[in-house]
1. For residue 116, all conditions in the list (1) farther than 18 Å from residue 52 by Cα; (2) in a helix (DSSP H, G or I); (3) at pLDDT 95 or above hold save one; what is the number of the exception?
2. I need a count of the residues in region 53-63 that are over 10 Å from residue 134 (Cα atoms) and in a helix (DSSP H, G or I).
3. Determine if region 70-91 includes at least one residue that is surrounded by fewer than 17 Cβ atoms within 10 Å (Cβ to Cβ), touching a residue at least 40 places away in the same chain (Cβ under 8 Å), outside any loop (DSSP other than H, G, I, E, B) and out of contact with any Asp or Glu (no Cβ under 7 Å at 6 or more places or on another chain).
4. Check off (1) farther than 18 Å from residue 53 by Cα; (2) open to solvent by 40 Å² or more (accessible area, probe 1.4 Å) for residue 143 and give me the number that stays unchecked.
5. Those residues that are among the polar types (S, T, N, Q) and within 16 Å of the chain's Cα centre (by Cα), I need them from region 133-158; list them, please.
6. Among the residues of region 53-69, what is the count of those that are in contact with a helix residue (DSSP H, G or I) (Cβ under 8 Å, 6 or more places away or on another chain) and open to solvent by 20 Å² or more (accessible area, probe 1.4 Å)?
7. Can you say whether residue 46 is under 17 Å from residue 173 (Cα atoms), in a helix (DSSP H, G or I), at pLDDT 90 or above and open to solvent by 80 Å² or more (accessible area, probe 1.4 Å), as far as the supplied structure shows?
8. Name the single residue that is farthest from residue 102 (Cα to Cα) among those in region 177-198 being outside any loop (DSSP other than H, G, I, E, B) and in contact with a strand residue (DSSP E or B) (Cβ under 9 Å, 6 or more places away or on another chain).
Amino acid sequence: MSDIDTDTRKTRVTTRTGDRGRTGLGMGARVSKADPRVEAYGTVDEANSAIGLLRTMLAGRADRPQMDARLRAVQVDLFNVAADLSMPGEAGDDFRLTAAPMERIEAEMDAMNEALPRLANFILPTGQDMASAQAHVARTVVRRAERRLVTLMDAEPDAVNTELLRYLNRLADYLFVLARHLNDKGAADDVWAPRGLR
C-alpha cells in the first residue's frame, strides 16, 4: 500500500450559486449574468473555444507543431484577457494584460502576411479545408468579443484595461491572415465579387 494520498475527491463544478442568474467576479462581487462585463469575458471564452477547435483541425499539416504552439499561446492570452476583465478595480492589477502579447501576434501576423498574395477584393469566409474555414469562424467570434468589450467600456470607461481592446482588434486581424495562410497561402482564397459576378 502506497503512502501517497489516494483521496479521489474532484473539484466541484456545480455550486448552485448561479441558479438565480447571478455570478461572482474574480474579487467576489456578485453581478447579473447579463452584466456587460460577464458578456465580455463570456464571449472571450467562446473565442478561446473556437481557437481550441481550430487547433484540433490542424492534424496532418506539416506546419502543425508551429501553428499549434502559436494558437496555444493565443489561448493563454485569452485566459489572461478574461482574468483581467473579471478583476475590476485596483485589487486586480496583477492580472492586467500588457502590450507584449499583442506585439507577439502582430510580428507573427506580419511574417505570414509577407508570403500571401495581395488582396484586391474581399474574400468569402471559407477554406479548402476545415482549419482555414474555422480560422474565419474564430475571427468572427473575436470580433463579437471586441464589440462586447466596447459595450462594457462605454458603460464603465475608467474600469477597463485599454490593452484588451487593442489585443482583440489585432487578434481578429491575425486570424484573418492565418485563415489565408492555412488556405494554401492565399492561393485557394474564394474572392467575393458584387452580385456573385466574377
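1. (2)
2. Count: 1.
3. Yes; the residues of region 70-91 include at least one that is surrounded by fewer than 17 Cβ atoms within 10 Å (Cβ to Cβ), touching a residue at least 40 places away in the same chain (Cβ under 8 Å), outside any loop (DSSP other than H, G, I, E, B) and out of contact with any Asp or Glu (no Cβ under 7 Å at 6 or more places or on another chain).
4. Here residue 143 clears every test but (1).
5. Start the filter on region 133-158 by keeping residues that are among the polar types (S, T, N, Q), which leaves 134, 140, 151.
Result: 134, 140.
6. 5
7. Numbers: under 17 Å from residue 173 (Cα atoms): no; in a helix (DSSP H, G or I): yes; at pLDDT 90 or above: yes; open to solvent by 80 Å² or more (accessible area, probe 1.4 Å): yes.
It is false that residue 46 is under 17 Å from residue 173 (Cα atoms), in a helix (DSSP H, G or I), at pLDDT 90 or above and open to solvent by 80 Å² or more (accessible area, probe 1.4 Å).
8. 191
The values are calculated or read from the model by the stated rules, or taken from the named source; none is laboratory data. All figures in this text were calculated on a predicted structure; none of them were measured in a lab. All Cβ positions, glycine included, derive from the backbone under ideal geometry; neighbour counts span all protein chains shown. Accessible surface is based on the protein model in full, side chains and every heavy atom, while ligands, DNA and RNA are left aside. Shrake-Rupley method; radii C 1.70, N 1.55, O 1.52, S 1.80 Å.
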